[in-house]
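The values are calculated or read from the model by the stated rules, or taken from the named source; none is laboratory data. What you are looking at is a predicted structure, and each value in this text was computed from that prediction instead of being measured. Counting neighbours? That spans all protein chains shown, and the Cβs are built from the backbone with ideal geometry, glycine included. The protein model used for the area step is the full one, side chains on, heavy atoms only, and it has no ligands, DNA or RNA in it. Shrake-Rupley method; radii C 1.70, N 1.55, O 1.52, S 1.80 Å.
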Amino acid sequence: MDWRDPPALPLGDAIATGVDWVNTHARGGFDRVSELLEGVIEGVTDALLWLHPLVAIALLAVAIGLLHRSWRLPVATVAALALVLNLGYWRETVETLALVLIATFFCMALGVPVGIAAAHRRWLYTAIRPVLDLMQTIPPFVYLIPTLILFGLGVVPGLVSTIIFAIPAAIRLTHLGVASVPTQLMEAADSFGATRLQRLVKIELPHATPSILAGLTQCIMLSLSMVVIAALVGADGLGEPVVRALNTVNIAMGFEAGLAIVLLAILLDRAVRVPRRRRAAEGG
């Protein structure tokens, strides 16, 4: 055997064997999880679609206006969503919004506690950092394959892949916010006899709130970036017309669906960012 041509390591075969083993021995569990997640997504989507589009747009504009304390963003919200409605992509936009909201919820619900734990235990962050790097850098199509095998065709593998892609942002930014708490504040809390829970609730989390909110924004944007990829495995939403336009070389459909994604991304980004800026201005 030539030393210049060593045998390839069967790494891919080992991963495939592991996925097949899990799929064989835990098929029932993955089916139940898939049914549960699909039911949640359908329930949220149906709840959002229950309102008439014009009523939903008006309520959303009022909520954003109260949160923003300004008239500009509500007006922009009405204009953007009215354009989406006029183009005929309201249902797809609501389906995408439901997917993004659920994915962001899971990312924050799982990512914030992990980020807090990693900030308190340096060895834990050292251990998970390579995993986070892998989750952020590996092409989403790679882990879309095992999720498709485990959860079947539909919206669930798209949701799981979206969570895998977006959750590192929540973990990293939560870790950054908690780990950057000034030592003087922690020493002052210790001098007053504060418990670990009191330090977390009264010092660490308030100090880390801007960083955690930045992680929330990143999760939303990363989830939206997965819309088209999720459509490739059967997820509904704005990614579906984009994929259909790509397959049929339909420029008009692709542009309109892409514009709807951009408008939704801008609205969600502004809605999340504005309260943080206002609080910072009031605090300053």
Per the list (1) at pLDDT below 85; (2) surrounded by 14 or more Cβ atoms within 10 Å (Cβ to Cβ), residue check on LEU81 breaks on (1)
Answer residue from the stretch 161-200, given it is assigned to a loop (DSSP other than H, G, I, E, B) and open to solvent by 50 Å² or more (accessible area, probe 1.4 Å) and is nearest to LEU224 (Cα to Cα) among those | SER180
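Table: residues versus (1) farther than 13 Å from LEU159 by Cβ; (2) outside any loop (DSSP other than H, G, I, E, B).
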{"site": "ILE220", "(1), (2)": "yes, yes"}
{"site": "SER223", "(1), (2)": "no, yes"}
{"site": "GLY237", "(1), (2)": "no, no"}
{"site": "VAL242", "(1), (2)": "yes, yes"}
{"site": "ASN247", "(1), (2)": "yes, yes"}
{"site": "ALA252", "(1), (2)": "yes, yes"}
{"site": "LEU259", "(1), (2)": "yes, yes"}
Out of (1) in contact with a helix residue (DSSP H, G or I) (Cβ under 9 Å, 6 or more places away or on another chain); (2) assigned to a helix (DSSP H, G or I); (3) not acidic (Asp, Glu), the one LEU59 does not meet is (1)
Tell me which of these ALA58 doesn't satisfy, since it passes every other one: (1) open to solvent by less than 80 Å² (accessible area, probe 1.4 Å); (2) over 30 Å from VAL75 (Cα atoms).
-> (2)
Residue tally, condition among the hydrophobic types (A, V, I, L, M, F, W, C) and either at pLDDT 90 or above or in contact with a Pro (Cβ under 6 Å, 6 or more places away or on another chain) (or both), over the stretch 129-149 | 3
What is the number of the single condition among (1) under 18 Å from ASP269 (Cβ atoms); (2) open to solvent by 30 Å² or more (accessible area, probe 1.4 Å) that VAL100 does not meet?
-> (2)
Does the stretch 133-147 contain any residue that is touching a residue at least 40 places away in the same chain (Cβ under 8 Å) and in contact with a His (Cβ under 6 Å, 6 or more places away or on another chain)?
-> no
Which ones in the stretch 217-232 are crowded, with 20+ Cβ neighbours inside 10 Å and aliphatic (A, V, I, L, M)?
-> ILE220, LEU222, LEU224, MET226, VAL227, VAL228, ALA230, ALA231
If you go through GLY237, GLY193, GLY254, the only one that is under 22 Å from the mean Cα position of the chain (by Cα) and small (Gly, Ala, Ser) is GLY237
Is it fair to say ALA109 is small (Gly, Ala, Ser), in a helix (DSSP H, G or I) and open to solvent by 30 Å² or more (accessible area, probe 1.4 Å)?
-> yes
Has the stretch 31-46 got at least one residue that is among the charged types (D, E, K, R), touching a Leu at 6+ places or on another chain (Cβ under 7 Å), over 21 Å from LEU213 (Cβ atoms) and in contact (Cβ under 8 Å) with a residue 24 or more places away in the chain?
-> no
Which of the residues that make up the stretch 201-216 are under 25 Å from ALA166 (Cβ atoms) and open to solvent by 40 Å² or more (accessible area, probe 1.4 Å)?
-> LEU205, PRO206, HIS207, THR209, PRO210, LEU216
